[in-house]
Amino acid sequence: MIQVGDTRRVAQADGRGFSKLGMEESGSESRPPVASARMENGEYSIYSNINIIQAISQNRAIASPQSHQILFVQVADFEQRGKSKHKKADKETLEVVCRLTPYNGCNPCLILVDENTVECCPPNGVLQRNGQPYANKVYEFGRVFDETDTQKDVFERCSVDLIEHLITGRNALLFTYGVTGSGKTHTMTGSSNRNQCGILPRTLDTIFNSIQDSVVDKCVFYPTGKGNTFNIRAKRDAREEVRRLRVNSEIEADDDRFIETKKVDGYNDDYACALFVSYVEIYNNYCYDLLDNGPMDQSPPSLDVHMDANQMVYVGKLKEVEVSNADEALQLLKQGDNRRKVCDTLLNKESSRSHSVFTIRLVMAPSEEEELYPVQDASRIIVGQLSLVDLAGSERAKRTLNTGDRLNEAAKINQSLMTLRQCFEKLRKNQRRVLQESVPYRDTKLTYLFKNFFEGAGKVRMIICANPRPDDYEENQNVLSFAEESQSVETKKDVGRMETHNQAGIICRPPVPRKFYAGWNHEIDRCRPPFNMTPLEVFPWEDVKRGNDDVCMLREYSRRKGDETGDDNILTLLNGLGEGLRSRLCVSDYEGSIMEELKVKEEELNERRTSDAALIKKLKRENASLRSRLLVYEEDNEDRVEMEREMRRVKEEEKERLRRHRGRVEKTLEIANGVTPSVATLTNKFNEKKEMMEYIESDRQTLRERKDKRDGMMVDRNGYYDPKYHRRSQSASRVLDHQPVYRIPTGNILRPKMPTNSKSTTNPLMIELKSSSAYVLTHQEVDKDGAVSTSLIKGECIPTAGGGTAVCFSDIERLSHQSPTKSTTRL
Ligand SMILES: Nc1ncnc2c1ncn2[C@@H]1O[C@H](COP(=O)(O)OP(=O)(O)OP(=O)(O)O)[C@@H](O)[C@H]1O
C-alpha cells in the first residue's frame, strides 16, 4: 500500500525529471522502498530510492538493483516533460495578490486600475540610471486591494481556501512580501480589534470553528521528534501524559479581542484531530524558536534546519505546542511576537527585523466508532500544514540611514529576499528546460524552509504589500516586477490524502452527529428484551412500533427463525434488516430528540412572546403617557416663549424711554451748564416774538372783518353761499401763494413777506383754494431794457354757493427794477 511518505518520495523523484510513476508492493511494509527506472531504450532497471535521487540530480542512469517495493519510473517520458497535458493538470502556479497601503498625499506612484490591475506611475523628476525617464507600467495580479478593502476582505480572498486545504490534509504557504513599512505585519497579524484584525488571528478562529467537534483531548497525538511525523498514544497513556505534564487548558482569554465567526466546510468529521502550532524567527539567517520559554533578555539557541527521510525540511528541536482553541494559539502568537525583533527605523516605527514563520499543523486520523478517539494506526495519520509568513521588508540603506546592527540586519534581510528571488527565477527556468539547474534553496534558512512547498505539494500564495508614496516608487517597481514574474512559478498540486466517509472504512453509521450516535449505540446495546418471546406464529407484528425493544425483538425473532429453519441466509438477511432498522431508528431518535429540543425552544419562544407582548403593552401605555406629557410641555413651552417675547418687547420700550429721558436730561444739563444768555438778548427775542404776534393778530383781525362783511353779503345774496357746504376749519386763514412756473431771478433786496402759514404753489388745486382765505398771484414782466417788474396780485378766497371757491382780487403790489440812469417813470 502506498503511504504518505512514499508518495512524497515519488513526488520528489518526479520533480527531478521523471514523469510516470508506479509503485508495487513486494514484501513487508517496513522494508525500504526501492525504485526502478525504465531507460530510453524501454528497459527497466531497479535502483534504491537514494540512488535514484542521486542519479536524477546528476541526470545520469545508475544500477543498484534491489527487490522489495518497486517504483516504476518511465524515463522515456523524460523528454516530454512540461509538454504533457496530464502533467500540467497536476501543477498549479504561485498566486500573487497585491495590497496598496492607504495613502492621502499627492502624486501616488501606484494607482488601482481595476480589481486585477495596478498602474505604477513614476513621480516627477525620477530618472533611470541612463538618464531616461521611466514609463508608466501596468501589472496584473490575481487581485489588487486598495484602501477601500478591509482586513476581512483580504482574509476571505487570501486565506479561506488555504484553510480548506489544511482541514482536508493538504499543505499551503501564505507569505507577505514588500518594501519596509508597506503593511505586511498589518496584513498578516494586525491588532485585536474588529477593523484591524489580520489574517492570522482570523485564520485560527476559522480553523477551530470548522473542526470544533472533532478536536481530541491533548496528548493523544504527539510529534515523534523524528522529522515531521506524529504518533497516537493509547488512551491510558494519553491520560497519564496529561497528568504528568499538568496540562492546563484554562487560559486567560482576551475578552476584548475580535472573534471571527466564519466556518469552512470540508472537514470529514469521521476523523479525530489535534492542532499544533510553532513559531520561528529567521534573524540574520539564524533560526530561533519564538515559543522558547527561556528568559526574555537572553537570546535562545539558534536551531538547525534539517531534511527528514521523506525529503521534507523541518527545524530541529523546534517546540510544537498543541492547542485546543484559538485563544490558546493567539496567546502563543502574542508571546512569540513579544520576542520577535522589532525596531524603530526612519521608515517604520515598528519595523520587523526578521522573517517570522507561524506554522499550523492539523494532525488527523480516523476516529473510533464509539468514541472520539483516533484509531491506533499511525499509518493512517494525515497532516495538513499551513504556514503563514511575515517577511521582513526590503530596505535601502540610503533611505533608512541605518548604521551598525540595523545596517547588518538590513543586509541580511535583503540577501535572503534576493535568494528567494533567485530560487523563483531558477524554478521558472527549470520549468522551461529539459536540463535542470539546482535551485539555491540552501543558501538561506528562509528559502530552505520554503523548499517543501515548491518541491513537494502545496498551494503557495504571495501577498505583495506596496505603499503608493512617491518615495517608494523605484523599490515598488522592483517588487511588482518580481511579483508579476513569480506568477508563472509552478508548484505541484496537492490533491489531499483524507479518506471520504466510505473510504475510512471503519465508520458506517447513520448520518447523525458522532456524539449522538455513540451515546445512542451504547444505550441500545445495554437493552435486554424485557419480555418472554412469544411463539413465532403469534409474533405481534402489528404492535411493533419504534424503539429499542423492537430491535431486540426482531433480532431474537430472526435468530430463532434461523435456528428453526437451519437457514443461515435468513439469519444474515434478517440481521441486515435489523441493522437497517437500527440505523433508521437511530435517525428517527435523533430527529425525535431534535423535535423535543425544538418543542422546548418553541415553548420558550412562546413564553418569551407572551412576556414580550406584555412588555409591548406596557411600553405602549408608557409611550402614550409620555406623549400627553410631551404635549403639556410643548404648550407650556409655547407660553413661555410668548412671555419671553413680551418681556423682550417691554424691555426694548423701557430702553427707548430711558434713552429719550437721558437725551432730555443731557439737553437740560447742557442748558444748565451752558452760558446764560444776556438780558438784552432775551428782551430782543421777546420783542421780536411780540411784534410777530401783533402782526399776525392784526392780520387775523382784518381777515375776520372782511369775512364778516362777506358773510353779510352772502346772507344778503340768497343762494350765493350756504354755510352748510362751506365749513372751513379754524386754521383756514392761510394764504395761497401762486408762483409762476419759471420765476425770473431778480436779486431783490426787498422781498414780499408772506405770513408763516402761507402755501406756495405753481399749480393751485381746488382743495387748496378752498382751504385758504387769501390768494396771491405772482406775475413777472420784463421790459425792453431788461428791467423786471414783479406784480403780486392779492385776492380773497370766497366760497361759492355751488361748493366752489371764487377769488376776489382786491390789491396789487408791484416790485419793479429801474436803472439809475433812466428817467423816473411813475408806475
Ligand atoms: N492597509 C492598511 N490600513 C491601515 N494601516 C496600515 C495599512 N497598511 C499599513 N498600515 C500601517 O502602516 C504602518 C506600517 O505597517 P507595517 O508595520 O505592517 O509595515 P511592514 O511592511 O510590516 O514594515 P516592516 O517591513 O518594516 O516590518 C503601521 O502603523 C500600520 O498600522
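Tabulated results
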| item | result |
| --- | --- |
| Residues (in a loop (DSSP other than H, G, I, E, B) and in contact with a strand residue (DSSP E or B) (Cβ under 9 Å, 6 or more places away or on another chain)) located in the stretch 261-301 | Tyr267, Asn268, Asp269, Asp270, Leu290, Leu291, Ser299, Pro300, Pro301 |
| Options Thr176, Thr203, Thr187; residue that is within 13 Å of the ligand (Cβ to nearest atom), in a helix (DSSP H, G or I) and surrounded by 23 or more Cβ atoms within 10 Å (Cβ to Cβ) | Thr187 |
| Check on Glu670, surrounded by 10 or more Cβ atoms within 10 Å (Cβ to Cβ) and either in a helix (DSSP H, G or I) or out of contact with any Gly (no Cβ under 6 Å at 6 or more places or on another chain) (or both) | no |
| Yes/no for Asn171 being within 29 Å of Pro301 (Cα to Cα), touching a residue at least 60 places away in the same chain (Cβ under 8 Å) and surrounded by fewer than 19 Cβ atoms within 10 Å (Cβ to Cβ) | no |
| Selection from the stretch 286-301 of residues that are in contact with an Asp or Glu (Cβ under 9 Å, 6 or more places away or on another chain) and modelled with pLDDT of 85 or more | Cys287, Tyr288, Asp289, Leu290, Leu291, Pro301 |
| Every residue from the stretch 740-756 that is modelled with pLDDT of 80 or more, open to solvent by less than 100 Å² (accessible area, probe 1.4 Å) and within 22 Å of Met692 (Cβ to Cβ) | Met754, Pro755 |
| Restricting the stretch 93-114 to residues that are surrounded by fewer than 14 Cβ atoms within 10 Å (Cβ to Cβ) and within 16 Å of the ligand (Cβ to nearest atom), the residue that is farthest from the chain's Cα centre (by Cα) | Gly105 |
| Single condition Ala234 does not satisfy, out of (1) at pLDDT below 90; (2) out of contact with any helix residue (DSSP H, G or I) (no Cβ under 9 Å at 6 or more places or on another chain) | (1) |
| Odd one out for Gly225 among (1) within 12 Å of the ligand (Cβ to nearest atom); (2) without any contact (Cβ under 8 Å) to a residue 60 or more places away in the chain; (3) not β-branched (Val, Ile, Thr) | (1) |
| Qualifying residue in the stretch 319-326 (condition: modelled with pLDDT of 90 or more, farther than 18 Å from Leu386 by Cα, outside any loop (DSSP other than H, G, I, E, B) and assigned by TED's automatic domain parsing to the domain that holds Ala410) | no |
| Subset of the stretch 408-426 (residues that are among the aliphatic types (A, V, I, L, M) and crowded, with 20+ Cβ neighbours inside 10 Å) | Ala410, Ile413, Leu417, Leu420 |
| Hits in the stretch 190-200 (condition: touching a helix residue (DSSP H, G or I) at 6+ places or on another chain (Cβ under 8 Å) and open to solvent by 10 Å² or more (accessible area, probe 1.4 Å)) | Gly190, Ser192, Asn195, Gln196 |
| Which listed residue, of Asn467, Asn452, is within 16 Å of the ligand (Cβ to nearest atom) and surrounded by 18 or more Cβ atoms within 10 Å (Cβ to Cβ) | Asn467 |
| Count - residues of the stretch 130-168 that are among the polar types (S, T, N, Q) and free of Cβ contacts under 8 Å to residues at least 24 places away in the same chain | 4 |
| Which numbered condition Tyr286 misses (of (1) touching a residue at least 24 places away in the same chain (Cβ under 8 Å); (2) buried (at least 18 other Cβ atoms within 10 Å of the Cβ); (3) under 20 Å from Ser354 (Cβ atoms)) | (2) |
| Those residues of the stretch 351-394 which are in a loop (DSSP other than H, G, I, E, B) and open to solvent by less than 10 Å² (accessible area, probe 1.4 Å), in sequence order | Arg353, Ser354, Leu391, Ala392, Gly393 |
| Residue match in the stretch 191-200 (condition: away from the ligand (no atom under 12 Å from the Cβ) and out of contact with any Phe, Trp or Tyr (no Cβ under 7 Å at 6 or more places or on another chain)) | no |
| Hits in the stretch 133-150 - residues which are more than 14 Å from the ligand (Cβ to nearest atom) and either closer than 11 Å to Leu110 by Cα or touching a Phe, Trp or Tyr at 6+ places or on another chain (Cβ under 7 Å) (or both) | Asn136, Lys137, Val138, Tyr139 |
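Yes/no per residue for (1) free of Cβ contacts under 8 Å to residues at least 40 places away in the same chain; (2) assigned by TED's automatic domain parsing to the domain that holds Arg129; (3) closer than 12 Å to Tyr177 by Cβ; (4) buried (at least 17 other Cβ atoms within 10 Å of the Cβ):
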| position | (1), (2), (3), (4) |
| --- | --- |
| Val439 | yes, yes, no, yes |
| Lys445 | no, yes, no, yes |
| Gly456 | no, yes, no, yes |
| Asp471 | no, yes, no, no |
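The values are calculated or read from the model by the stated rules, or taken from the named source; none is laboratory data. A quick note: this is a predicted structure, and the numbers were derived from the prediction, not measured. Every residue, glycine as well, gets a Cβ built from its backbone with ideal geometry; the counts of neighbours run over all protein chains shown. We work out accessible area using only protein heavy atoms, side chains counted, and drop any ligands, DNA or RNA first. Shrake-Rupley method; radii C 1.70, N 1.55, O 1.52, S 1.80 Å.
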